[in-house]
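Structure first, then comments.
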Amino acid sequence: MQVFYGSVINPETLTSYKASSNALLAVNAQGIVEWIVHDVQDSLIQETLLQKGCIEVEVIPLKDGQFIIPGFIDTHTHAPQLPNIGTGAQYELLDWLEKITFPMEAKFADDKFAEAAYPEIVRRTINAGTTTCCYYGSLHLGSTKVLADIVHSLGQRAFVGKCNMDRNSPDYYREDSPETSLCDTQKLIAHIHSLDAGSSGIPLVRPIITPRFAISCSNPLLTQLGDLVSSDPSLHIQTHISENRSEITFAKSLFPECKSYAAVYDSFRLLRRNTILAHAIHLEDEEMALIKERQAGISHCPASNFHLNSGIAPIGEYLDKGIKVGLGTDVSGGYSPSILNAIRNASIASKIRAMQANVGAKSSGQFKNNQLSIASLLYLATLGGAQVCDLEDHIGSFGPGKSFDALVVDVRGVAGNHNLWGADSEIAGTKSLDAMLERFLFCGDERNISMVYVQGRCIGGAGRS
Ligand SMILES: O=c1[nH]c(=O)c2nc[nH]c2[nH]1
Ligand SMILES: [Zn+2]
């Protein structure tokens, strides 16, 4: 049993979180939160432990300036694109794929290249505070197995998929046939299942079906992927939707029988409660209704949406409609593997939409055309992401029975490196806990993430010895 004592911030709803500066939080040997008691005075720690039946446990005290939050959930990123971050912003999506992205992803045909590149890539996402990550690999089976192996060995919770893509990309980066694509996908699923064979509970690394986007998949391929997921309702699905106007026009021209982009995925049985749709910037009303009805989730990738000049997703409207939304870094459309960067861009995106809305006009919903609050931003980065991954019963916040996927944040910076508080020593109490959270979300970086826990195990962070 590990028992932490100190400041804990726990997201509750889109508009609220609970901040308590002297909580006791107990995690059992399986990495599951057993209980939390808020507002425990120093003098009552031992009595509280006894009441909980904990005898002779060592309490881990958090320091002044430290607090625990749930780990970040990155609902959309591309592992083989990390070597490209910070390049290509002069292009929009379709040219960017051809000129920047496909040439880099093609290098992962060589497993050795993947073995050299992926450890640092995964380590960076972990130290950035991402405890659950939805990874796209390249189209290659071999290197995507390497990615899954590395994620597994480093202890991150993740979904790992290889891209399915058998048309509309250059010869050097396209699968030979729908059959090859399906066969390699099945082999990847078997490989990932073998990683956690024999362990109880939900496995940390899980496969995810990854039709890159409608444009890159033929009808036979989508049909076969639909058959595959229909045979296993627990299989997750990730894809892109409605990111860029030219992309939408092209996608619609390829599927004239479908009413909308979302309807394409729906017609192949790929739209369901464990489907993660990245971007969703330019959805039509009918598509929003369909996505809501199917209970699919949206990965909001605002940095990428700005960087590739794609647009600003109407996240407030989706939240008003009750559509599930989480955050994605979308490396390398996005130029940072950190969800903190996604939080900042989500905040700016919401402010721009609010500014663009008719000045003085009353917003028709709670979130539409309003800026996202700190509570909403924290929620999207944690519990919202968990909902998008269909894992909200297990991760995204702390509560009895949920996994301890958590960050120990240190606003003074680990070993004083990157102190967000400067010389101000006034750093105690719930009021300043709110201020610490805000300061961390907008100014913090990995130097302020002391420990990264997944399933109760410390797997990274600047303060990990
Ligand atoms: O941002 C994006 N990144 C990609 O790699 C991609 N592929 C299809 N659509 C895409 N959008
Ligand atoms: Zn993407």
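The values are calculated or read from the model by the stated rules, or taken from the named source; none is laboratory data. Here the structure is a predicted model, which is why all the values come from computation and not from measurement. Heads up, the Cβs are rebuilt from the backbone with ideal geometry, glycines too, and the neighbour counts pull from every protein chain shown.
The table for this structure:
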item: Subset of segment 305-321 [in a loop (DSSP other than H, G, I, E, B), touching a helix residue (DSSP H, G or I) at 6+ places or on another chain (Cβ under 6 Å) and either under 20 Å from ARG294 (Cα atoms) or at pLDDT below 95 (or both)]; result: none
item: Whichever residue in segment 239-280 is over 19 Å from GLY384 (Cβ atoms) and of a type in the set (D, E, K, R) and, among such residues, is nearest to ligand 2 (Cβ to nearest atom); result: GLU243
item: Options LEU383, LEU391, LEU433: the member that is closer than 14 Å to ILE339 by Cα and either buried (at least 21 other Cβ atoms within 10 Å of the Cβ) or touching a residue at least 24 places away in the same chain (Cβ under 8 Å) (or both); result: LEU383
item: Residue within segment 54-67 that is within 25 Å of the chain's Cα centre (by Cα) and either of a type in the set (Lys, Arg) or surrounded by 15 or more Cβ atoms within 10 Å (Cβ to Cβ) (or both) present; result: yes
item: Selected residue (only one of SER350, SER397 is part of a loop (DSSP other than H, G, I, E, B), in contact (Cβ under 8 Å) with a residue 12 or more places away in the chain and more than 16 Å from ligand 1 (Cβ to nearest atom)); result: SER397
item: Residue satisfying condition, being of a type in the set (Phe, Trp, Tyr), outside any strand (DSSP E or B) and crowded, with 21+ Cβ neighbours inside 10 Å, within set TYR135, TYR118, TYR172; result: TYR118
item: Meets criteria (away from ligand 2 (no atom under 15 Å from the Cβ) and within 15 Å of THR75 (Cβ to Cβ)) for ILE298; result: no
item: Residue in segment 340-347 that is crowded, with 21+ Cβ neighbours inside 10 Å, within 15 Å of GLY385 (Cα to Cα) and of a type in the set (Val, Ile, Thr) present; result: yes
item: Any hit, segment 243-252, residues being closer than 20 Å to TYR136 by Cβ, touching a Ser or Thr at 6+ places or on another chain (Cβ under 6 Å), in a loop (DSSP other than H, G, I, E, B) and in contact (Cβ under 8 Å) with a residue 40 or more places away in the chain; result: yes
item: Residue match in segment 217-240 (condition: under 29 Å from SER338 (Cβ atoms) and surrounded by fewer than 16 Cβ atoms within 10 Å (Cβ to Cβ)); result: no
item: Filtered residue count, segment 405-423, keeping only those that are of a type outside the set (Val, Ile, Thr), under 15 Å from LYS63 (Cα atoms) and not in a loop (DSSP other than H, G, I, E, B); result: 4
item: Any hit, segment 444-454, residues being over 22 Å from ILE343 (Cα atoms) and at pLDDT 95 or above; result: no
item: Residue within segment 139-155 that is within 15 Å of ligand 2 (Cβ to nearest atom), modelled with pLDDT of 95 or more and buried (at least 21 other Cβ atoms within 10 Å of the Cβ) present; result: yes
item: Any chance ALA128 is touching a strand residue (DSSP E or B) at 6+ places or on another chain (Cβ under 7 Å), within 30 Å of GLY401 (Cβ to Cβ), buried (at least 20 other Cβ atoms within 10 Å of the Cβ) and not basic (Lys, Arg); result: no
item: Residue that is over 17 Å from ALA342 (Cα atoms) and modelled with pLDDT of 95 or more, where the choices are THR329, THR275; result: THR275
item: Members of segment 308-334 found to be crowded, with 21+ Cβ neighbours inside 10 Å and over 16 Å from SER350 (Cα atoms), listed by number; result: LEU308, ILE323, LYS324, THR329, ASP330, VAL331, SER332, GLY333, GLY334
item: Test: ALA109 is within 30 Å of LEU147 (Cα to Cα), at pLDDT below 95 and surrounded by fewer than 19 Cβ atoms within 10 Å (Cβ to Cβ); result: no
item: Members of segment 307-338 found to be closer than 23 Å to ASP390 by Cβ, within 15 Å of ligand 2 (Cβ to nearest atom) and of a type in the set (Ser, Thr, Tyr), listed by number; result: THR329
item: Residue ID - surrounded by the fewest Cβ atoms within 10 Å (Cβ to Cβ), chosen from residues in segment 68-105 that are within 26 Å of LYS324 (Cβ to Cβ) and away from ligand 2 (no atom under 16 Å from the Cβ); result: ILE68
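Table: residues versus (1) touching an Asp or Glu at 6+ places or on another chain (Cβ under 9 Å); (2) away from ligand 1 (no atom under 13 Å from the Cβ); (3) outside any helix (DSSP H, G or I); (4) at pLDDT 95 or above.
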| position | (1), (2), (3), (4) |
| --- | --- |
| ILE209 | no, yes, yes, yes |
| LEU221 | yes, yes, no, yes |
| LEU228 | no, yes, no, yes |
| PRO233 | no, yes, yes, yes |
| ALA263 | yes, yes, no, yes |
| MET288 | yes, yes, no, yes |
| GLU293 | no, yes, no, yes |
